[in-house]
Amino acid sequence: MAIDTPSGVQLRIRGKVQGVGFRPFVWQLAQQLQLHGDVCNDGDGVVVRLLEDPSQFIAALYQDCPPLARIDSVEHASLVWERAPTDFTIRQSAGGSMNTQIVPDAATCPACLAEMNTPGERRYRYPFINCTHCGPRFTIIRAMPYDRPFTVMAAFPLCPECDSEYRDPYDRRFHAQPVACPSCGPHLEWRSQHERAEKEAALQAAVAQLNAGGIIAVKGLGGFHLACDARNDNAVAMLRARKHRPAKPLAVML
């Protein structure tokens, strides 16, 4: 289709397409296919507007869909552009009633695990590491569509380094809404009756309490988890007594 005509097509994509790196995926796909238009989130999922024929684009959507995403349907509609686009952009999310799906929290991906365990990396040993392929989703949302201002991460403004990653189309944190680092993101805290600690010291305080046979309450994204050393019979007995759970099996972390 010639670029000098304002006619095009709008694609309505439904499914698990928010919080999974879908807009960055669409942007990168559009660059590969040299397409012109834009993409945005709204209450029903994702809307893609294209100037060119979408056949090859749609086939690639299904074939190369991000690992956390699931496409349930792609609907076509004719579109008349007020002005023919000269590139492909990610535009601001649209409001409206919310009928789309959001994925659950995802386990830390291999790339983030490697980064977290590599000395010298900005996020070395940072427990809240994430990217477009992993990390919190459902439990940090306050409203839809899924954008940082509508999550609990709105309280943590991005530092220049994280902001650069967030805006870099070729970075795996491009439009990753929970992106953070030790400089700008949340950190660990330890609180007991007589002690308070932060960051690495908080982790070591928790380890010491577990080794001493105590019970700790771990505040996660979705609530509190009571934990003790499963190898310590006295600690397990105390946990069972406090939970009024004398026989039912307890979850074990390895």
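The values are calculated or read from the model by the stated rules, or taken from the named source; none is laboratory data. Keep in mind that this is a model prediction, so the values were computed, not measured. All Cβ positions, glycine included, derive from the backbone under ideal geometry; neighbour counts span all protein chains shown.
General observations
- Search result, residues across the range 72-85 that are among the β-branched types (Val, Ile, Thr) and at pLDDT below 95: Val80
- Residues that are among the polar types (S, T, N, Q) and out of contact with any helix residue (DSSP H, G or I) (no Cβ under 9 Å at 6 or more places or on another chain) within the range 41-78 comprise Ser55, Gln63, Ser73, Ser78, listed in sequence order.
- Only one entry in Pro104, Pro119, Pro67 is loosely packed, with under 14 Cβ neighbours inside 10 Å and either among the small types (Gly, Ala, Ser) or without any contact (Cβ under 8 Å) to a residue 24 or more places away in the chain (or both), namely Pro119.
- Members of the range 132-154 that are over 19 Å from Ser93 (Cβ atoms) and either at pLDDT 95 or above or in a loop (DSSP other than H, G, I, E, B) (or both): His133
- In the range 160-182, the residues that are among the small types (Gly, Ala, Ser) and either at pLDDT below 90 or closer than 25 Å to Phe138 by Cβ (or both): Ala176, Ala180
- Boolean, Val26 is at pLDDT 95 or above, within 18 Å of the chain's Cα centre (by Cα) and outside the structural domain of Cys181 (by TED's automatic domain parsing): yes
- Only strands (runs of 3 or more DSSP E) whose full extent lies in the range 176-228 are considered here, and the ones with at least 2 residues that are out of contact with any strand residue (DSSP E or B) (no Cβ under 7 Å at 6 or more places or on another chain) are 216-220.
- Only one entry in Thr108, Thr118 is within 16 Å of the chain's Cα centre (by Cα) and assigned to a loop (DSSP other than H, G, I, E, B), namely Thr108.
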